Structure formats: structure tokens, C-alpha cells
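Participant: Please read through the structure below; I'll follow up with questions.
The values are calculated or read from the model by the stated rules, or taken from the named source; none is laboratory data. All of these numbers come straight from a predicted model, not from anything done at the bench. When we count neighbours, we look across all protein chains shown, and the Cβ atoms used for this are built from the backbone with ideal geometry, even at glycine.
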Amino acid sequence: MADKQACWGLLSTARINERLIPAIRASGRSELLAVASRSDERAQAYAKQWDIPHAYGTYEQMLDDPAIDVIYLSLPNHLHAEWAIKCAEAGKHVLCEKPIAITTEEVDRMAQAAEKNGVIIQEAAMMRFHPQTRYLRELVAKRIIGDVRLIRGVFTFILDNQGDIRLNPSMGGGSLWDLGSYCVSFARTVLQAEPVEVSAYQISGDSGVDLSFSAQMHFPTGTLVHFFSSFQSFAHIEADFLGTEGRIYADIPWVNHIGASASVRVTRSGDVEGTSTFSDSVEGHTTDTKRYENINAYQCEVDSIVESVLNGAEPVISLADSWNNIVTIVALHESARTGKPVRPSTRNDEFTQRRR
């Protein structure tokens with residue numbers, strides 16, 4: 001099937017499409033065929049702007065097109081489950097923008113629809129497809145810095161457009177769903193574990209959504225994870241790990257900067273003994289840096305789902321994995337609302353056990 005292509009349709013004209021369109025076109029086994037909007041006028045204008053062959057004035061019209069194999073779903077968060085299920089029922093594979101849903105019940109229904117119709121529904125958390133994330137997971141698994149005691153993450157920027165859907169509580173708005181979801185997924189991925197307890201605090205806006213969110217997650221490995229997401233702070237991204245034998249620092253852990261060089265610095269304690277009474281000496285420490293030059297994480301996620309669709313490769317993010325991410329975020333919201341620690345719900349069935 002080396003010569004077979006996956007034919008794509010864009011469900012909505014959201015701005016995030018601008019990141020996927022070049023990636024689809026750069027994929028050697030993909031073709032962008034169509035875009036759908038809620039009006040024919042909008043769809044036609046968008047298709048002309050981006051040189052897309054077909055435009056549909058309703059979402060249903062595009063789902064009826066037998067030439068479309070894969071749908072990139074970039075609707076607002078609260079519509080993800082509804083339309084992912086409709087795509088599955090139409091026999092289309094789905095790359096659904098994160099967060100894949102806003103309740104675990106929605107993920108359950110999506111999984112049922114995917115299995116019933118023999119299609120893939122995968123969450124488009126682009127950071128998860130980047131080779132840097134796999135490298136960080138390997139470093140932790142190999143105990144390069146010993147036992148990881150702390151993971152700290154920051155993802156912030158200023159959002160001052162009051163009409164932005166990310167400020168609408170009925171549409172799954174808030175900094176946790178938009179930014180913090182990356183931090184949650186990142187920690188779970190690199191630790192390959194699920195938190196046993198979470199606690200959180202939020203600063204809410206006039207609409208009720210969290211504009212700033214501070215959270216702590218406790219993992220069974222003994223690792224504490226702290227992250228801060230915000231629409232009220234100077235744009236900043238970073239993640240670092242503190243272990244018993246060293247430290248890992250990632251300067252671009254979850255934002256895709258094409259043309260920028262992402263780096264991972266690993267600092268480990270040296271062999272010098274007795275240099276400090278309190279074991280806080282930096283003498284003898286060694287630092288190794290691994291750089292990732294100009295890697296497009298959106299390209300990685302497009303190529304990954306195409307490999308799954310055409311060759312049957314295991315999805316990078318299973319729906320069981322996405323279920324666990326959603327249940328953690330829901331628990332964080334509950335903790336922020338009640339002011340109390342919360343233990344995320346767990347499931348022991350086969351669905352939630354199937355994860356990479």
C-alpha cells in the first residue's frame with residue numbers, strides 16, 4: 001500500500017487549520033481534498049484562500065463524500081464528541097484537536113463509535129508525537145536522573161480577546177482545557193503512570209472560566225507534578241524534572257516553533273565526593289544537551305495517523321489514554337471548585353488498560 005494516499009477533509013475553518021494544512025500537503029501519502037463550514041459562502045472563500053479543491057456548506061455534506069478518508073476536526077471543544085461520532089458513523093477516521101472531549105462519558109461514546117465502524121479516532125495533542133517527548137520518556141524510564149521527585153511545567157500567554165471561544169464556559173473554555181491539558185498529558189506520558197490525587201486553585205474571569213490555573217498531581221511513583229497555565233501571564237513555556245541524581249530541562253516542551261531549536265539539557269551529579277557538607281555542591285556536575293532542529297510536531301501527528309490508517313500502525317494516543325487525561329482534568333476542575341484534594345476516578349476494564 002506504499003502508493004495509497006489518505007484523502008483529508010477539514011471539519012471547520014478554525015485558525016488551527018493553518019498548522020495542519022502545510023503538514024498534510026507535505027506528507028508524501030496525503031491529499032487535502034475538502035473543507036466544510038456552516039455556510040457555503042464561508043466554505044467557498046476558505047477553499048479559494050487555501051487552494052482546496054472542494055468546499056461544503058454543511059458538515060454533513062462533506063461526511064457524505066466517499067472520497068474522504070480522514071477528517072481533521074477542529075471545532076470548539078464542546079462539539080468534539082458529537083462530530084467525531086458522526087464522522088465515525090460515516091466511516092471516516094478522525095484526528096480530533098485536543099482536548100478530545102470534556103467528559104469521560106463522551107470518550108466512551110467515541111470509543112464505541114470507532115470500534116463499531118472500524119475507524120480510528122485519535123487526539124491531536126501534537127506534543128505527544130514529537131520525538132522529544134519520546135526521548136524524555138526514555139530518560140525517565142532509564143532513570144538517567146535517578147528517581148524523579150518533581151516535574152514542573154509552565155504554559156502561559158496573554159489572551160485579551162473577550163470574544164474568544166476559550167473564554168466561554170459552555171464551549172469548554174479555560175486555561176486548563178486549552179494549555180494545562182498539555183501539561184497533564186505530558187506528565188502522564190513521561191512517567192507512564194496515572195495520578196492518584198490532585199489539588200488545584202484557579203483565578204476565574206467574569207465568565208467563570210479559569211484564566212489562571214495552578215495544580216499539583218501526586219503519582220504512585222512518589223513523583224509530584226506542579227504546573228501553571230494562564231491566559232493572564234507573559235508568554236512562557238518550560239518544563240523541568242528534578243531527580244535524586246540530576247535534573248532535566250526542556251525549553252520548548254509543548255509548543256511547536258517551526259524553525260526554532262528545541263533542546264533538552266540533562267545535568268547529572270558527578271563523582272566528586274566530600275566537596276560539600278550539605279551535599280549541595282555543583283562541582284563535578286556534567287551537562288549533556290540534545291537539540292531538535294526544525295521538527296514540526298504537526299507533521300509528526302499527520303504522518304502518524306496516516307501510518308495508522310494506511311498500514312495499521314498502533315495509534316500514538318489511544319482513546320484509553322485520552323480517557324485518562326480527561327478524567328484527570330475533570331478531577332483538577334473539581335479540586336479547584338471545592339478547594340479539596342481529589343482522587344481521579346479509575347477504571348480497570350480492558351478499554352482503559354490499552355495504552356502506550
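Participant: Please state which of the following conditions THR156 fails to meet, knowing it meets all the rest: (1) among the hydroxyl-bearing types (Ser, Thr, Tyr); (2) buried (at least 21 other Cβ atoms within 10 Å of the Cβ); (3) over 14 Å from the mean Cα position of the chain (by Cα).
Facilitator: Here THR156 clears every test but (2).
For (1) among the polar types (S, T, N, Q); (2) without any contact (Cβ under 8 Å) to a residue 60 or more places away in the chain; (3) in a loop (DSSP other than H, G, I, E, B), each residue gets a yes or a no:
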position: PRO99; (1), (2), (3): no, no, yes
position: GLU105; (1), (2), (3): no, yes, no
position: GLN122; (1), (2), (3): yes, no, no
position: ILE145; (1), (2), (3): no, no, yes
position: ARG152; (1), (2), (3): no, no, no
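Participant: Is there a residue being at pLDDT below 95, touching a Lys or Arg at 6+ places or on another chain (Cβ under 6 Å), loosely packed, with under 15 Cβ neighbours inside 10 Å and more than 30 Å from LEU167 (Cα to Cα) anywhere in region 264-271?
Facilitator: The answer is no; no qualifying residue exists.
Participant: Here's another thing I want to ask about it. In region 184-201, what residues are part of a strand (DSSP E or B) and surrounded by fewer than 23 Cβ atoms within 10 Å (Cβ to Cβ)?
Facilitator: Selection gives GLU197, SER199, TYR201.
Participant: Now a separate question. (1) outside the structural domain of ALA200 (by TED's automatic domain parsing); (2) modelled with pLDDT of 95 or more: which one isn't true of ALA331, the others all being true?
Facilitator: With respect to (1) outside the structural domain of ALA200 (by TED's automatic domain parsing); (2) modelled with pLDDT of 95 or more, ALA331 is out only on (1).
Participant: Here are some residues: SER39, SER27. Which one is small (Gly, Ala, Ser) and free of Cβ contacts under 8 Å to residues at least 60 places away in the same chain?
Facilitator: Within the list SER39, SER27, the selection yields SER39.
Participant: Give the number of residues within region 89-101 that are out of contact with any strand residue (DSSP E or B) (no Cβ under 6 Å at 6 or more places or on another chain) and either at pLDDT below 95 or crowded, with 21+ Cβ neighbours inside 10 Å (or both).
Facilitator: The number of residues fulfilling the criteria is 2.
Participant: Let me ask something else about it. How about region 189-220: which of its residues are among the acidic types (Asp, Glu) and closer than 20 Å to SER345 by Cβ?
Facilitator: Matches in region 189-220: GLU194, GLU197.
Participant: Also: Just checking: which of the helices (runs of 4 or more DSSP H) contained wholly in region 1-63 hold 3 or more residues that are more than 21 Å from the chain's Cα centre (by Cα), at pLDDT 95 or above and over 18 Å from LEU95 (Cα atoms)? Quick ask: steps written out before the conclusion?
Facilitator: Details: elements: 17-26, 40-50, 59-63.
Answer list for region 1-63: 40-50.
Participant: Okay, next question. If you take the residues in region 208-263 that are closer than 27 Å to ALA124 by Cβ and of a type in the set (Asp, Glu), which one is surrounded by the fewest Cβ atoms within 10 Å (Cβ to Cβ)?
Facilitator: GLU238
Participant: From the list ALA36, ALA23, pick out the single residue that is buried (at least 23 other Cβ atoms within 10 Å of the Cβ), in the same structural domain as ALA55 (by TED's automatic domain parsing) and among the hydrophobic types (A, V, I, L, M, F, W, C).
Facilitator: After applying the criteria, what remains is ALA36.
Condition check ((1) within 20 Å of ARG166 (Cβ to Cβ); (2) in the same structural domain as LEU176 (by TED's automatic domain parsing); (3) touching a residue at least 24 places away in the same chain (Cβ under 8 Å); (4) assigned to a strand (DSSP E or B)) across all residues:
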{"residue": "PHE213", "(1), (2), (3), (4)": "yes, yes, yes, yes"}
{"residue": "MET217", "(1), (2), (3), (4)": "no, yes, yes, yes"}
{"residue": "VAL225", "(1), (2), (3), (4)": "no, yes, yes, yes"}
{"residue": "PHE228", "(1), (2), (3), (4)": "yes, yes, yes, yes"}
{"residue": "ALA235", "(1), (2), (3), (4)": "yes, yes, yes, yes"}
{"residue": "LEU242", "(1), (2), (3), (4)": "no, yes, yes, yes"}
{"residue": "ARG247", "(1), (2), (3), (4)": "no, yes, yes, yes"}
{"residue": "VAL255", "(1), (2), (3), (4)": "yes, yes, yes, no"}
{"residue": "GLY259", "(1), (2), (3), (4)": "no, yes, yes, no"}
